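In what follows, a structure is listed as structure tokens, so that the remarks can point back to it.
Nothing in this text is a laboratory measurement; each read-out follows from the coordinates by a stated rule. In this text, all values refer to a predicted model and were calculated from it rather than measured experimentally. Cβ atoms come from the backbone with ideal geometry, glycine included; neighbour counts cover every protein chain shown.
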């Protein structure tokens, strides 16, 4: 069937280049067009239903003018996607039960989600009764932004319709639709006990600000018996690359759009710049600012954004501009060790390390923190593969530590990335670490070129190793943790990432450490790794660099000085 509805028209314009868009938006639009062509597909597109939603939303008053506003083309694409796709086996039920929508600030996202909330509140058909709509955010203030807009727009609607006016009651921070026993209210982590909910529509506004996924867990677990539920995540980019929005939803959405993961029930639409250089080209700004398609608004948007860009360049302070006005995730520190985009580009499938040469790096922690053991495996073409395991101290309890560190340790343990101590005290059990390292070596028949360690508090580990594995002959090498010994390995590792010579398989704890790590300089421009906050964890990358301090010289093994000089002067040399 040849569809020509506004949502499909927008998708075609984006894909054929008539509307300029970034990679992820093009992928989302191509996904829509591809799905329309599928014969044996479990879902059916019924644009007439989305048209009903659009007609309703376009009678809602704008909070500034009090007059109805037509939806922009990109907003139409969102509404037609969410309200036009249904399950083929039961067309009462929507296809998309979850959506991730992201764009730069001041692009009408609050107006759009308030329209969706009001439509579901007053016009939702499944369930016909007891609909629960929640506007949620990290803070009470943020949660109230969308809710207050809903109230204001509803008031404008109520003034024109006696029937709706009689059916809607507002009691404090709650709106009730009396005929259907439905409710719409704001929620935040500050609200208190939020268990026992059964949401039909959950809006997570500015989810990028959330430090953990506890609100998401409550909402999604409460929706388990709601067959037509929708969890709507909408946010700009943020500075915290360890936030659940970035590490979980954004990365998962990227895999869906790339075709690496199959999830037909998750709608993903991310308006962002493809490259930081695009901030200097006004024609590219629409990639992260889709509202620029509206001619009546375009000039104002460009003029104000042009001023913001000019001031940021003059002040040499581009970070906030790039993140908030161009919707690109970026570390909050200017001295970050590695850009997330470069590290992601080095991701690969897990590599079979059996029988290979290997360098090990060990970073011992305080007795109640994280100890990291990472392996660096040389590959062909002067590349290296890194991965590893961490050991978690549990003093005060694992759950309390997770909350304190903002890391879901139980999930990491369940997926094999970490091991919790087996001591009742909660202290790191050095014997566990020793056994894990030995099993890694023996089970994979590894040829250990060097087992590198930080000399701090290493004596217990070495004595335990000699006691447990006296016949396992391993070359242990001490690596002092100072500018002199680590500066060059750190610089070479970073350069290797940029050159795609360092490969990794997306180990979450290593990713967290990369995002947390910053570089500190001495007076001679030597560098060492550091962190901005005490609770931030960098142990996995410290262990990796410790091992890499020896691994970086792998190509020189067995050479004398003359051979090394000849190698450096040859065409084969270079990281």
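What the table below lists for this structure:
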| read-out | value |
| --- | --- |
| Mean residue ellipticity (222 nm) of the chain, computed from DSSP H runs ≥ 4 via -39,500 (n - 2.57), nearest 500 | -11500 deg cm²/dmol |
| Extension gain, residue 262 back to residue 400 (0.36 nm per residue minus Cα-Cα distance, nm) | 46.2 nm |
| Sequence-separation-based contact order of the range 6-277, relative, with Cα cut under 8 Å and 6+ spacing, percent | 23 |
| Whole-Å distance, taken between Cα centres, linking the range 131-160 and the range 395-411 | 34 |
| Length added when fully stretched, residue 302-residue 174, from 0.36 nm per residue minus Cα-Cα | 42.3 nm |
| Separation of the residue 521 and residue 48 label points, Cα + 7 Å toward Cβ, nm | 6.7 |
| Cβ-derived FRET efficiency at R0 22 Å, residue 2 paired with residue 56, nearest 0.05 | 0.25 |
| Alpha carbon centroid spacing (whole Å) that separates the range 49-89 from the range 233-250 | 26 |
| log10 of Debye I(q)/I(0), alpha-carbon scatterers only, for the range 184-336 at 0.11, 0.19, 0.21 Å⁻¹ | -0.55, -1.22, -1.33 |
| Semi-axes of the equivalent ellipsoid for the chain, Cα gyration tensor, largest first, Å | 50, 27, 22 |
| Acute angle (nearest 10 degrees) that the helix 295-314 long axis makes with the longest principal axis of the chain, alpha-carbon atoms | 30 |
| At R0 = 51 Å, FRET efficiency that the Cβ-Cβ distance of residue 457 and residue 220 yields, to 0.05 | 0.75 |
| FRET efficiency estimate (nearest 0.05) - Cβ-Cβ, residue 485 to residue 311, R0 35 angstrom | 0.25 |
| Fraction of beta bridges assigned by DSSP in the range 341-556 that are antiparallel (%, nearest 5) | 55 |
| For 139, 549, 312, order by how many other beta-carbon atoms lie within 10 Å, fewest first | 139, 312, 549 |
| Mean separation of Cα contacts under 8 Å, 6 or more apart, over the residue count of the range 82-177: relative contact order % | 18 |
| Residue 382 versus residue 16: modelled label distance in nm, points set 7 Å from Cα along the beta carbon direction | 4.8 |
| Computed over the chain: relative contact order in percent, which uses C-alpha pairs under 8 Å that are six or more apart | 12 |
| Histogram of C-alpha separations across the range 6-277, 10 Å bin width, % | 6, 30, 38, 21, 4, 0 |
| Additional length obtainable on full extension of the chain from residue 477 to residue 142, 0.36 nm per residue less Cα span | 115.4 nm |
